[in-house]
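The structure under discussion appears below in the form of structure tokens.
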Number of protein chains: 2
Amino acid sequence: DGPASPPDRASQCFSCHGADGNPSLSAVPIIAGQQPEYLQDTLNAYRSGLRGGGRAIVMQEIAKDLSDDDIAALSAWFGDQK
Amino acid sequence: DGPASPPDRASQCFSCHGADGNPSLSAVPIIAGQQPEYLQDTLNAYRSGLRGGGRAIVMQEIAKDLSDDDIAALSAWFGDQK
């Protein structure tokens, strides 16, 4: 399971995805409780540019500065939220 | 809210996403309770090819045969699942 307090890099996720992964913006996906492996694959795909199109550019910009450890920590933490 | 029984086209989603949108496959996203507007935007992006890369080809193949009504019904129904 993910640690109790959010990982360092999580704060940049909060503006769109909400402080616990439950967004107030209706077009933004809920990531609280999402499958960690899916979150990890998706962040890796944004970082590598494999996943693109439309608003993906926002995620590509954010993901390109994330390390493997960041991606693992963020995926575990948000996956662990309700 | 979405109707109680799943829309016609939902059966092709079940094999990966599970019969109520909670997948057994750890790399597949949970879509039960996901934001309907996000689901709708995402299905439209797969249908138009805007979202691509990696496993997206599976979703592109499925989405290309969906009508606007199908996409709206699927998004509402899965968004309504727990």
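The values are calculated or read from the model by the stated rules, or taken from the named source; none is laboratory data. Predicted, not measured: the structure shown is a model, and the values here were computed from it. Using ideal geometry, Cβ is built from the backbone for each residue, glycine included, and neighbour counts are taken over all protein chains shown. Just the protein is used for accessible areas: all its heavy atoms, side chains included, with ligands, DNA and RNA removed. Shrake-Rupley method; radii C 1.70, N 1.55, O 1.52, S 1.80 Å.
Tabulated values for the structure
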{"item": "Close pairs from the stretch A:64-82: first within 21 Å of B:ILE31 (Cα to Cα) and acidic (Asp, Glu), partner open to solvent by less than 40 Å² (accessible area, probe 1.4 Å) and not in a helix (DSSP H, G or I), Cβ under 8 Å, at least 6 apart", "result": "A:ASP80/A:GLY2; A:ASP80/A:GLY33"}
{"item": "Qualifying residue in the stretch B:40-49 (condition: in contact with a helix residue (DSSP H, G or I) (Cβ under 9 Å, 6 or more places away or on another chain) and either farther than 21 Å from A:TYR46 by Cα or surrounded by fewer than 17 Cβ atoms within 10 Å (Cβ to Cβ) (or both))", "result": "yes"}
{"item": "Residue ID - nearest to the other protein chains (Cβ to nearest Cβ), chosen from residues in the stretch A:1-15 that are assigned to a loop (DSSP other than H, G, I, E, B) and open to solvent by less than 30 Å² (accessible area, probe 1.4 Å)", "result": "A:GLY2"}
{"item": "Qualifying residue in the stretch A:58-67 (condition: among the hydroxyl-bearing types (Ser, Thr, Tyr) and more than 14 Å from every other protein chain (Cβ to nearest Cβ))", "result": "yes"}
{"item": "Selected residue (only one of B:GLY49, B:GLY54, B:GLY18 is over 16 Å from A:ILE30 (Cβ atoms), over 12 Å from the mean Cα position of the chain (by Cα), more than 7 Å from chain A (Cβ to nearest Cβ) and free of Cβ contacts under 8 Å to residues at least 24 places away in the same chain)", "result": "B:GLY49"}
{"item": "Scope the stretch A:21-39; condition touching a residue at least 24 places away in the same chain (Cβ under 8 Å) and more than 9 Å from every other protein chain (Cβ to nearest Cβ); matching residues", "result": "A:GLY21, A:ASN22, A:ILE31, A:ALA32"}
{"item": "Options B:ILE71, B:ILE31; residue that is open to solvent by less than 30 Å² (accessible area, probe 1.4 Å), among the hydrophobic types (A, V, I, L, M, F, W, C) and out of contact with any Cys (no Cβ under 8 Å at 6 or more places or on another chain)", "result": "B:ILE71"}
{"item": "Filter result for A:GLY21 (outside any helix (DSSP H, G or I) and either among the basic types (Lys, Arg) or crowded, with 17+ Cβ neighbours inside 10 Å (or both))", "result": "yes"}
